[in-house]
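Structure first, then comments.
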Amino acid sequence: MTPHTPTGAGASTGAVLTVRDGGVGPCPPGALRVRPLPGEATTSYLTRLATAYQLTPGQLLDGLHITTTNAPTPPPAGDIHLSAEATRRLAAFARTPSAHLARALSQRPPPAAIGTAGTATARWHTVDCAVQPLPACTCCTIRRSPYQAVPAWVHPPPDLPRALICTRHQQAAADPRHNRPLDIRDLPELTRARHTSRRPPTTASLAWATTITTRWYDHHQHLHQRWRSRLNRLTTTNPHLTKGPASPALTCRGLITYPETLTLATTLDHLPPHPPAHPDPRPTAFLAHLATRLGLPRLAPADHDLLRTRLTTH
Ligand SMILES: [Zn+2]
C-alpha cells in the first residue's frame, strides 16, 4: 500500500488519500463532500474533487492507483474515459454510490478497451468544440462544493436547444468559449422558454429548428430586431462579453435564439409526418399559426428559406 498524503486543505482536515492495491478492496472514503452536477463532464467533476484536496486531477488519480494515458487536458476541451473499476474507486473516495456517480456524470461511452477493462484505468481525450460542455451556474456549483467555487462544466440536455439555463439563479451559457455563465436577469423570455419546455421537441424537429433560426439570425431575417435587442441587453448586463476574443453576436447566438428555436421545433412537430402529394406552395395556415406562436404579425419566408424547404420535405 502506498499512502498519499496531500498537503494543504486535505491534510488540514485529516483527509488521507489511500487506496488498497489490487483494486478489489474498498477504497477509504475522502473527508470532503463534492457532489456532481447533473450532466457534469467527468473531467470537470474530477477537477473539482481534486481541487478540494489541493491536488491536480492527475495527482488524485495517481493516489487512487488509477493508471492514466494521454496528457491531462482541462475542460471544456478535454475529458476523460474511466474504466468501471476506476469509476468505482472514484465513487468510493467521493462517498457516492458508483451508480449514482455514473448516472450524474455525462460520461460518454468509453472505448471497449477501457470500458471493459478489469483494471483501474483512465484515458484523457479531447472533445470537439461542437459537443463541448458549457459553464455551469456558479450558484448551483457552490452548493455542491465544500470550500471554494471551482468552475464546473456541464453537458446541456440533448432534447432542447443547445444551452444551459438555470431558471433559479438566472444564469445561462450556450458557448464553451465563455469561461463562465452569463447573467440573464434582463432576458426573462429565456427563463420562460425553459420553464414551458415540459414536452421537449423531437430530435429531427430540433435539428431543423436550430438550423433554421441560425440561418435567420446570420442573415438578419424575420426576427432581427428582437434578437438585436436581446443581444444589446445581454452585453449590457455582461460587459465582459465585448472584451472577449470572439464576437458576442456569434458566441451568444444560441442563447439569443433559444426561445424561438424551441417554439419553432415544437410547432414543426405538429406537421403531418409526410408532406401532401401535391404540396401547397403557400402553406398559409401553418405559417399563420407559426407567426402567432412566434409573436410576429406575419411570416412570409422566401422560396429559398430553409423553413419552406422543411415544409416540403419528408
Ligand atoms: Zn443555478
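FYI, it's all coordinate maths here, none of it is from the lab. Because the structure is predicted, anything quoted here is derived from the model rather than measured. Please note: Cβ atoms are built from the backbone with ideal geometry, for glycine as well, and neighbour counts cover all protein chains shown.
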Simple spin-label estimate for ASP159/ALA302, 7 Å along Cα→Cβ, in nm, reads 3.7 nm
Placing each pseudo-label 7 Å from Cα in the direction of the beta carbon, HIS270 and ASN232 end up separated by a distance in nanometres of 3.2 nm
Scoring segment 160-311 by relative contact order with C-alpha pairs under 8 Å, at least six apart, yields a percentage of 27 percent
Here the FRET efficiency for ARG103 versus ILE142, based on Cβ atoms and R0 = 25 Å and rounded to 0.05, is 0.65
One finds the C-alpha centres of segment 202-263 and segment 37-88 to be spaced, in Å, by 33 Å
Once amide hydrogens are built 1.01 Å from N within the peptide plane, the residues lying 5 or more places from LEU134 or on another chain with amide H under 5 Å from its amide H are VAL154, HIS155
Once THR167 and ALA31 are pulled to full extension, the length gained, defined as 0.36 nm per residue separation minus their Cα-Cα distance, is 45.8 nm
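Taking neighbour Cβ counts within 10 Å as the exposure measure, how do VAL150, VAL34 sort from fewest upward?
Sorted ascending by nearby Cβ count, the order is VAL150, VAL34.
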Final fewest-first order of HIS100, HIS304 on the 10 Å Cβ neighbour count is HIS304, HIS100
Final fewest-first order of ARG35, ARG103 on the 10 Å Cβ neighbour count is ARG103, ARG35
